[in-house]
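Each remark here refers to the structure printed beneath this line.
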Amino acid sequence: MKVSLAVHGGLAAAIHLRRPPLVVDTAALSGNETRELAELVAAAKDSPPGAEERRQGAARDAMSYTITVEDGGTSAILHQSDTRMSPEFTSLLGWLQQHSPDAAN
Amino acid sequence: MAKNRRLGCITPPHLLAKLLESSDEEVRRAAMSTLLDTSRLRGERAVRASVMRTAAPAQGRRTIFDCQNGTILAAAVLARSEDGDASADPSVNQAFDGFGTTRQFYLDVLNRNSIDDQGMRLQGYVHRGVRYNNAFWDGLEMVFGDGDGIVFTDFTRSLDVIAHELTHGVTDFTSGFGYHNQSGALNESLSDAMGSIVKQWSLGQTAEDADWLIGAEVFTPEIGADALRSMKAPGGAYDNELLGKDPQPAHMDQFVVLPDTDEGDNGGVHINSGIPNKAFYLTAIGIGGYAWEAPGHIWYESLRASSATTVFQEFADTTYAKAAELYGAHSAEQQAVQAAWRDVGITLSQVPAADQSTCEPSAPTDGSSMEALTRQIAVLSTQIETLTSDIQALAGRAGG
């Protein structure tokens, strides 16, 4: 399974625009890490974005995230943002960022 | 009435919100305390919304919450309020102080009472998430990350970033610039312009002395970047292997066409803002002195006169018209505005062709001076007539 994370927008949107997505390949992970990632992916897939936290005006400079999961010839795309994110997506995002060699994402 | 009393938490939020309108200050204070406590305990974001809306005439009172590395703002805890003591946490105090400086700038320089011009409360959330590389305006309040410590550091360290985000709120309450394509780039540019001049105002810097950088403090020293953006030199804020080269254009010839999607930065709102950013910088340098004076007033009045769909050409034309209204037709200020837009590749619509080639502000001829004076007198006469009519109408109502 390959899981990629692309970050969009934010104050540093110009930087994110040019950076390639972060990719985590389970081939390079331990068995425990692979199971952990699979569980987080499954939970995030089943969790729609949370209710919009803001209610007046609109978010500016908030970031959004596209997580693409490729597994056994199928792919799934999850997309959520700073102001509308499920706890499960938050957990997956945090895990991917922690396990990335690329700290700028 | 006892001080520091709390209204029972069983009181429904809508009733507490109503109590915020009470003429009794103690009742208002107790309702506010209860609302904030209830909000924190129950994590009800809706309660905070009612606080923000109902308690608007608050002279921009500040409240900072600590997310404690969580991402759910409703779970954040109160860290500092307007009348509270300074925190032991520098991020809390930096956000608090940045809010105060920005609030004071808008009041003293632009005669604006907080974000909505009606004293809207300023609320901020620090330590959002883990290694969160951003700060944003969520439509109601401001949120700061700590940075990852490798590329970015604590976003509360940058006054211009704080003023940038709060100005997004001001824009929402004025032009309502959209967040797509050119109007979105204007939205970003106005936030950069106000962010920069808030910093210049706080430092007492002239346009010539200012660095015109946005977010110089948010990068770690090791990263080798000047800032997120440079208004003086769009495209020159950074250039290294990790970040790449700053892609901002400084001229319409280099306008970057991007899709109006998240992936395309909503049509390049953080990219093409370099063009109006440069125009503001050139205007400030052309006029000279303090950028928060004539340039700041011209841009602010143009923001107020714009709409959600205004594009670069319309905004440029508006700044030219506002410069004439504020400082006179053919004034040095108006000519600096014209020259600035021309230098970024935008030809103003209302300027006679003969004047389009004028490079530097120059003293008007006797004829044009008389013409400008005549126009100003005509405008003033109209305003006096309107005022006289209003006074007569009021006197009639009072007499009746």
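A few remarks follow.
Here's the yes/no breakdown for (1) free of Cβ contacts under 8 Å to residues at least 12 places away in the same chain; (2) outside any helix (DSSP H, G or I); (3) acidic (Asp, Glu):
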site	(1), (2), (3)
B:Val170	no, no, no
B:Ala185	no, no, no
B:Leu190	no, no, no
B:Ser196	no, no, no
B:Gln200	no, no, no
B:Glu208	no, yes, yes
B:Asp211	no, yes, yes
B:Ala237	no, yes, no
B:Pro247	no, yes, no
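- Subset of segment B:250-267 (residues that are in contact (Cβ under 8 Å) with a residue 24 or more places away in the chain and either more than 8 Å from chain A (Cβ to nearest Cβ) or among the hydroxyl-bearing types (Ser, Thr, Tyr) (or both)): B:Ala250, B:His251, B:Met252, B:Asp253, B:Asp260, B:Gly267
- Looking only at residues of segment A:15-32 that are touching a strand residue (DSSP E or B) at 6+ places or on another chain (Cβ under 9 Å) and part of a helix (DSSP H, G or I), we find that the one that is nearest to B:Leu243 (Cα to Cα) is A:Ile15.
- Which listed residue is out of contact with any Pro (no Cβ under 8 Å at 6 or more places or on another chain), among the small types (Gly, Ala, Ser), modelled with pLDDT of 95 or more and in a helix (DSSP H, G or I), from B:Ala279, B:Ala354: B:Ala279
- Segment B:158-178 - residue that is within 12 Å of chain A (Cβ to nearest Cβ) and farther than 18 Å from B:Asn134 by Cα and, of those, farthest from the chain's Cα centre (by Cα): B:Gly178
- Qualifying position, being more than 14 Å from chain A (Cβ to nearest Cβ) and not hydroxyl-bearing (Ser, Thr, Tyr), among B:Val130, B:Val77: B:Val77
- Scanning segment B:282-293 for residues that are surrounded by fewer than 24 Cβ atoms within 10 Å (Cβ to Cβ) and in a helix (DSSP H, G or I) gives B:Leu282, B:Ile285, B:Gly286.
- Of everything listed in (1) facing chain B (nearest Cβ under 8 Å); (2) of a type in the set (A, V, I, L, M); (3) over 25 Å from B:Ile214 (Cβ atoms), the single unmet condition for A:Val3 is (1).
- Scanning segment A:59-77 turns up no residue that is in a loop (DSSP other than H, G, I, E, B), more than 11 Å from chain B (Cβ to nearest Cβ), in contact with a helix residue (DSSP H, G or I) (Cβ under 9 Å, 6 or more places away or on another chain) and acidic (Asp, Glu).
- Sole exception among (1) surrounded by fewer than 18 Cβ atoms within 10 Å (Cβ to Cβ); (2) modelled with pLDDT of 90 or more; (3) farther than 22 Å from B:Asp265 by Cα for A:Ile77, by number: (3)
- Residue within segment B:389-397 that is at pLDDT 95 or above and part of a helix (DSSP H, G or I) present: no
- No other residue among B:Ser191, B:Ser183 is within 14 Å of the chain's Cα centre (by Cα), modelled with pLDDT of 95 or more and within 13 Å of chain A (Cβ to nearest Cβ) apart from B:Ser191.
- For segment B:49-67, taking the residues that are more than 14 Å from chain A (Cβ to nearest Cβ) and out of contact with any helix residue (DSSP H, G or I) (no Cβ under 8 Å at 6 or more places or on another chain), the one that is modelled with the highest pLDDT is identified as B:Arg61.
Condition check ((1) among the hydrophobic types (A, V, I, L, M, F, W, C); (2) outside the structural domain of B:Ala88 (by TED's automatic domain parsing); (3) out of contact with any Ser or Thr (no Cβ under 6 Å at 6 or more places or on another chain); (4) surrounded by fewer than 24 Cβ atoms within 10 Å (Cβ to Cβ)) across all residues:
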| residue | (1), (2), (3), (4) |
| --- | --- |
| B:Thr102 | no, no, yes, no |
| B:Val109 | yes, no, yes, yes |
| B:Arg112 | no, no, yes, yes |
| B:Ile115 | yes, no, yes, no |
| B:Val126 | yes, no, no, no |
| B:Arg131 | no, no, yes, yes |
| B:Ala163 | yes, yes, no, no |
| B:Thr167 | no, yes, no, no |
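- Residue satisfying all of: in segment B:142-153; assigned to a loop (DSSP other than H, G, I, E, B) and either facing chain A (nearest Cβ under 7 Å) or surrounded by 24 or more Cβ atoms within 10 Å (Cβ to Cβ) (or both); farthest from the chain's Cα centre (by Cα) among these: B:Ile150
- Condition check for B:Asp108: among the acidic types (Asp, Glu) and assigned to a helix (DSSP H, G or I): yes
- Matching residues in segment A:7-20 - criterion: being more than 7 Å from chain B (Cβ to nearest Cβ) and modelled with pLDDT of 95 or more: A:Val7
- Cβ separations smaller than 8 Å between residues 6+ apart or across chains give the following pairs from segment A:34-45 residues that are in contact (Cβ under 8 Å) with a residue 12 or more places away in the chain and more than 16 Å from A:Lys2 (Cβ to Cβ) to residues that are assigned to a helix (DSSP H, G or I) and of a type in the set (D, E, K, R): A:Ala43/A:Glu88.
The values are calculated or read from the model by the stated rules, or taken from the named source; none is laboratory data. No experiment lies behind these values; they were computed from the predicted model shown. Glycine also receives a Cβ, built like all others from the backbone with ideal geometry; neighbour counts cover every protein chain displayed.
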